[in-house]
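Undergrad: Take this structure first; my questions come after.
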Amino acid sequence: MAPKITRPFCAQLGKCLHSQFGQCVAIKQPGIPAGVLQSQLSAFSSSASRNGSVADPPACLFKPLNVPHKLLMGPGPSNAYPRVLAAQSLPLLGHLQKEFHEVLDEVKAGIQYIFQTQNAWTFAVSATGMGAMETAAVNLLEIGDVALVGVNGFWGARLAEIAERNGSVAKRMVKPMGQVFTLEDIEQGLKEHKPKVVFLTYGESSGGTAQPLAGVGELCHKYGALLMVDSVAILGGAPLFMDEWNIDALYTGAQKVLSTPPSISPISFSQKARDVILGRKTKVRSFYLDAPELANYWGCDENPRRYHHTAMISSVYALREGLAEVAEKGLEKSWAQHAACAELLYEGLDKMGLELLVQDKSVRNPCVTVIKVPEGVDWKKVSDHAMDNHQVEIAGGFGELAGKVWRVGVMGYNCTPENVYKTLAVLKEGLDVHWKKN
Ligand code: PMP
């Protein structure tokens, strides 16, 4: 015998179906008498329950969505700007409608501004930062192509894996977390491996470094390589000049300084990178991440926009507002604010007797600070103390630094002295409870 649908849910589902079908039929077929509709609906719902093919709806969905407010002072996501969240509740537009294309054009102009580039191929990928990273990699690299990958933390290691999964060859240039690559390191790698692409992480969120980039692009070009840069955890928080620094592929994420929900990720390709992609011997192995297709949809070529996939409409609105926040503030002011808040954080941590992983201040990522956990302290107890008592997120380390560091992110909407002081106070309170000094 077919299992029965349990009563309370069945009743609710029935109500819902009645109201939806009622509305729909009333609009489309005003001539149908109410009695006919009722009997159609009961035949439909009783046949669904009779053959047992419809499982019960989950009870949890009948409760209101409950999301507590937390202060996200980890390496991301940051709390979103209120106007960004508001933008996501605006009406949907069709992804092929002209009003929506205007929004795409505004987003594109905003990305050109935050990247300081004139590149025609500038758009956003329907994916989080990792998706943008993968987009850059799979478009620039074909099977057997060599990438020289700077690994001084999690993200270089991740890119090397992406390249290898793409059938390309990753030559790892390794440094301990907390250290950066010199021009000499990079030149040596270029000479030795003759790569097609060099990958560096500008703002490391696992090791807390800001990789110096001035001069790297020229060097790569001298050896016939393209420069690909990850700016997910630093964009908007420190100077970045894509064109001036000769970066060929640059991407970022939405959920850090742009303080937009993780979803859609800005990316840009230089003319050189574009030529390399258009001159590929083989098609890009991922259709979804195919840059020429995406560029066309974003109106970056002279052809009419073609459907590629349904754009993330609400996420595009949100990104537009995140970009507008940075544009209204101005990049220079945004960089200065992040530097000033980072300085406040360093001073406070120093007063508490805490040490930073990155010794050389000039190569610290101002957006994500990596703090060494003192001997005898359980990082998690301190981190949990912050969350349980104050709803403040202080993250731990990952990779080889798991258990050894905390990571504090001060980015975008959260980049205020008040938030820095609050985080310091919460950290101090946790340490007072959990750090038994001799
Ligand atoms: N690169 C860096 C430097 C990051 O910090 C992150 C996210 N923490 C990513 C890439 C990947 O971004 P996402 O998690 O949004 O996919």
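Residue-by-condition table, conditions (1) among the β-branched types (Val, Ile, Thr); (2) buried (at least 24 other Cβ atoms within 10 Å of the Cβ); (3) without any contact (Cβ under 8 Å) to a residue 12 or more places away in the chain; (4) under 25 Å from residue 316 (Cα atoms):
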residue: 213; (1), (2), (3), (4): no, no, no, no
residue: 224; (1), (2), (3), (4): no, no, no, no
residue: 239; (1), (2), (3), (4): no, no, no, yes
residue: 249; (1), (2), (3), (4): no, yes, no, yes
residue: 255; (1), (2), (3), (4): no, yes, no, yes
residue: 283; (1), (2), (3), (4): no, no, yes, no
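Undergrad: Is there a residue being within 30 Å of residue 303 (Cβ to Cβ), in the same structural domain as residue 324 (by TED's automatic domain parsing), within 13 Å of the ligand (Cβ to nearest atom) and assigned to a loop (DSSP other than H, G, I, E, B) anywhere in the range 129-148?
TA: No: zero hits.
A quick yes/no check of all residues on (1) in a loop (DSSP other than H, G, I, E, B); (2) at pLDDT below 95; (3) surrounded by 22 or more Cβ atoms within 10 Å (Cβ to Cβ):
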site	(1), (2), (3)
366	yes, no, yes
408	no, no, yes
423	no, no, yes
431	no, no, no
437	yes, yes, no
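Undergrad: Output the number of residues of the range 338-389 satisfying the condition of being within 16 Å of the ligand (Cβ to nearest atom) and over 23 Å from the mean Cα position of the chain (by Cα).
TA: Qualifying residue count for the region: 2.
Undergrad: Just for helices (runs of 4 or more DSSP H) wholly inside the range 208-304: which have at least 2 residues that are basic (Lys, Arg) and more than 12 Å from the ligand (Cβ to nearest atom)?
TA: 271-278
Undergrad: Among the residues in the range 222-244, are any within 25 Å of the chain's Cα centre (by Cα) and more than 27 Å from residue 118 (Cα to Cα)?
TA: Looking through the range 222-244, none of the residues is within 25 Å of the chain's Cα centre (by Cα) and more than 27 Å from residue 118 (Cα to Cα).
The values are calculated or read from the model by the stated rules, or taken from the named source; none is laboratory data. Just so it is clear, the model here is predicted, and its values are computed rather than measured. Here Cβ is always computed from backbone atoms with ideal geometry, including for glycine, and neighbour counts include all displayed protein chains.
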